[in-house]
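Comments concern the structure below.
Rule-based calculations on the coordinates, nothing more; no lab input. Computed from a predicted model, the values in this text were never measured in an experiment. We place every Cβ from the backbone using ideal geometry, glycine too, and count neighbours over all the protein chains shown.
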Amino acid sequence: MKEYRSEAIRNVAVVGHGTSGKTTLVDALAFVSGSSKRHGQVKDGTALTVTSPEEVERGFSISIGCAFAEWRDTKINMIDTPGFLDFQGDALAGLTAADGALITVAAAAGVEVGTERMFREAIARRDPVLFAVTLMDKEHADFDKAYEAIKEKLTAKVVPVEIPIGAGSNFKGIINLFTKKAHLFAAGTKTGEYTETDIPDSEKARFEKYHQEMVEAIAATDDALLERFFGGEEIPGDEEMAAMKQAMKRQELFPLLCCSAQLTWGVRTVLDFLVQLMPSAYDMEEQKAFKGAEGDKTVEIHPNDDGPFTALCFKTMSEPHVGEVTYFRTFSGVVNNGAEVFNATRDGVEKLMHLSIPQGRERIEVPRLFPGDIGCVAKLKNTHTNDTLSTKEHPVRMPQIEFPPPLVTYAVRATLHADEEKLQVGMHKIHDEDPTFETHYDAETHETILSGMGERHVEVAMAKLKRLLNVTAELKTPRIAFRETLTAVAEGQGRHKKQSGGRGQFGDCWVKLRPGPRGKGYEYVDAIKGGVIPRQYIPAVDKGVQEAAARGILAGYPVVDFICECFDGSSHSVDSNEASFKMAGILAFKNIAPKCRPVLLEPLHEVEILTPDHYLGDVMGDISGRRGQIQGSDVIEGVGTKVKCIVPQAELYLYATKLQSMTHGRGTFTHKFYQYELMPHEAAAKVIAEAEKEKKEEAEE
């Protein structure tokens, strides 16, 4: 394997909507370049970056796949990313590790929701972007229509740099607008070979139109070129290419290519443009990192061979018979096989044994990696996604990948009680691989909770658990952490007396319970006068009331936001003790609380929904149907409308699925806890009835 220095490395994230041809294109780029010996197919699970049984079974990418193509003395590292939004965390990780994005647009389907999402992400990261209209050989393929959709929905700065000759079953070549030559393909071509000819007469009018458009767009980004253009001078292709690259870097232009990856037609020119237009690590701005474990100051990271080693781990994956494999992007310094490096995120030393570069399922061991390259290593002791590897002498932490918060939540338990521990271990392993999958134990509801980006995301995670650990799990709606509170004032006695020979137990207290301010919790007032309850026993009454309140009145949920005033009582010189007065406090609460008109409180969440204006009415109507209160809305230029609302948590179960259905995948939302509020009577009655039913079933068991 040839060694490549930073200036000869291109890191490209291949992103786009699901089924737009990303994986097939990555496979074809590696095969046509000669870096891969087989041209595989997604449908039969042989494509280069289809690596897991879950991907083979479902026929789409679930996690990042890494591969490379060697072309014109350049190594192109390609990060194949999932297209469906349930797995967008890996797509964001891929963009973080890359220096530019190749966005695929299916020639028949055009711009879809995944295309929009990934383009916005690339723009936000200031990444250069190349578009590729893929699947040009498929039925209903239409390059012009796809081009217009990109202009209309994404950016008016898109510029074709090649155009197809024919489409669908008539697709037979492309025209390179820089070289002004046609590339004609023949049936049976294995690695994208073509015959270069003059532009056919039938295509000259289209060529002139698109070529003029390209030259004008390029000239408009450079004052010197613009002056020459208006002076009637013809600008050489190599100068146009150089100006295009600079305009791409500034996000002033977005070149558009076309190809059929399955046939390998047009793939060679895609490789050419990746080498010529995509930046190397040297072409990009320096990276920022935090120095020291506490991040006390910011330092610049440069892609220098003699700089201190710095790398970001952007993905970890478990492989059978291998263990955990860590994928990382180097930013500074040369790292050698077997080197000891420092995990600055977790403050530990790791040894990089069998340092490799990934090529789909395979890993090719290398003696060293230069800045800007992508590598992988197996069996690190304690290194996970988002960790920074550096040196102990110069410890730094790279900015972490910002993964989106999970959107759907389930309660989960192992089908077999004996598998519960394996289930917990397995879910934490999945989280280490994919931080958008989260799990925790809710001590209040006594449930293990898991969260993911969507139903499909969780389904795949459960399939992994079954395959890796032979654990099956049951998913159900998680319990809501309701609260109870008091709405009236009442007072009464709690008296505990027990005599069974010898020293007895005696505790007696009078308390008043009344509602407190919402959100203030519990307050205890000591109003004892004259020592009727000895000072040392008064806190025991408080403990007893709190213990009883935690068990609830109506449905077993904690009672909150009330004031307990202990104002009278009595004691016995021999039989009174702390335990007796605690019991008296418990009895007092049980006697008095039902008289205080207890009610249920439910948690409300503050929700922000971003939706295209076309679906705004449906979204707002649905929120009203979920007992939601619209707080306002803001228009986001070029994106849609952000709706702010307050919605009961119980009404948000699987809302992500509903929102995607209503908005055809274009709506997004975030939510966070807001406050507890009084629950409507009908809804509260259902919760109380369900609690009584569960209590009865437990008693029968």
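Using the Cβ-Cβ distance between K466 and R346 with R0 = 25 Å, the FRET efficiency computed as 1/(1 + (r/R0)^6) comes to roughly 0.25. In order along the stretch 603-618, phi translates into HN-Hα couplings of x, 9, 10, 8, 10, 10, 10, 10, 9, x, 4, 4, 9, 4, x, 5 Hz, rounded to whole numbers, per the Karplus curve 6.51 cos²θ - 1.76 cosθ + 1.60 with θ = phi - 60° and x for Gly and Pro.
Sorting D387, D223 by the number of Cβ atoms found within 10 Å of their own Cβ, with the fewest placed first, yields D223, D387.
Show that you can apply the helix-only estimate: for the chain, add -39,500 (n - 2.57) for every DSSP H stretch of four or more residues, divide by all residues, and state [θ] at 222 nm to the nearest 500.
Values: 16 runs with 195 residues, N = 701.
Taking each H run of at least 4 residues, the total per residue is -8500 deg cm²/dmol.
Spin-label model, E216/E608: points 7 Å from Cα along the beta carbon direction are separated by 4.0 nm. Amide H contacts of T51: none lie under 5 Å away among residues 5 or more positions distant or on a separate chain (H built 1.01 Å from N in the peptide plane; Pro and chain starts excluded).
On the basis of the beta-carbon distance and an R0 of 30 Å, L678 and Q536 show a calculated FRET efficiency of 0.20. For a modelled paramagnetic label at R503, 7 Å from Cα along Cα-to-Cβ, the residues of the stretch 552-574 in reach, with backbone nitrogen under 16 Å, are 572-574.
Shape analysis of the stretch 7-283 yields a ratio of the Cα radius of gyration to the Kirkwood radius, Rg/Rh, of 0.95.
Relative contact order of the chain: 10 percent, from C-alpha pairs under 8 Å at least 6 residues apart in sequence.
Between D526 and E547, take the C-beta separation as r, use R0 = 25 Å, and let me know the FRET efficiency to the nearest 0.05. Could you put the intermediate results ahead of the total?
Working: r = 18 Å, r/R0 = 0.71.
Efficiency for this residue pair is about 0.90.
Label zone (S570, point 7 Å along Cα-to-C-beta; backbone nitrogen cut-off 14 Å) within the stretch 477-520: 493-498, 506-510.
Over the stretch 7-283, what is the relative contact order in whole percent, taking alpha-carbon pairs under 8 Å and six or more residues apart?
Values: 594 pairs, mean separation 60.9, N = 277.
In percent, rounded to a whole number, it is 22.
Write down the Kirkwood hydrodynamic radius of the stretch 411-476, to one decimal in angstroms, obtained as one divided by the mean of 1/r over all alpha carbon pairs.
Working: mean 1/r = 0.0850 Å⁻¹.
Evaluated over the stretch 411-476, this radius sits at 11.8 Å.
When only alpha carbons are used to place a centre, the stretch 627-692 and the stretch 29-63 end up 40 Å from one another. For GluC sites (Glu not before Pro), the sites in the stretch 565-662 that DSSP calls loop and that have at most 15 other Cβ atoms within 10 Å are E637. Working from label points 7 Å from Cα in the Cα-to-Cβ sense, the E196 to A689 distance is 7.8 nm. The simple spin-label model puts a point 7 Å past each Cα toward its Cβ; for A579 and K151 those points are separated by 8.6 nm.
Paramagnetic label reach from N170 (point 7 Å along Cα→Cβ; backbone nitrogen cut-off under 15 Å): within the stretch 140-159, residues 140-145. What fraction, in whole percent, of alpha-carbon pairs in the stretch 367-498 exceed 22 Å separation? In whole percent, the share of Cα-Cα pairs in the stretch 367-498 beyond 22 Å is 56.
Across the stretch 307-466, the mean sequence separation of Cα contacts (distance under 8 Å, 6 or more residues apart), normalised by length, yields a relative contact order of 22 percent.
Counting beta carbons within 10 Å around each of T115, T641 and listing the fewest first gives the order T641, T115.
Between the amide H of A490 and those of L513, distances stay under 5 Å, these residues lying 5 or more places away or on another chain, with hydrogens modeled in the peptide plane.
Subtracting the Cα-Cα distance of A242 and Q41 from their residue separation scaled by 0.36 nm leaves 68.8 nm. What pairs in K138/K190; K476/K642; K22/K351; K381/K422; K190/K249 have C-alpha atoms more than 23 Å from each other? Checking Cα-Cα distances, K476/K642; K22/K351; K190/K249 exceed 23 Å. Angle check, please: helix 22-33 long axis (alpha carbons) against the longest principal axis of the chain (alpha carbons), in degrees 0 to 90, nearest 10. On a 0 to 90 degree scale, this one is about 40. Solvent-free Debye calculation, one equal scatterer per alpha-carbon of the stretch 643-682: log10 I(q)/I(0) at 0.25, 0.34 Å⁻¹ equals -0.95, -1.28.
Here's how it looks for G372: its modeled amide H is under 5 Å from those of T330, F331, S332, which are all 5 or more places away or on a different chain.
Where the alpha-carbon atoms of the stretch 302-397 are placed on the principal axes, they occupy 35, 24, 20 Å, in descending order. Centre-to-centre separation between the Cα atoms of the stretch 106-173 and those of the stretch 201-257: 19 Å.
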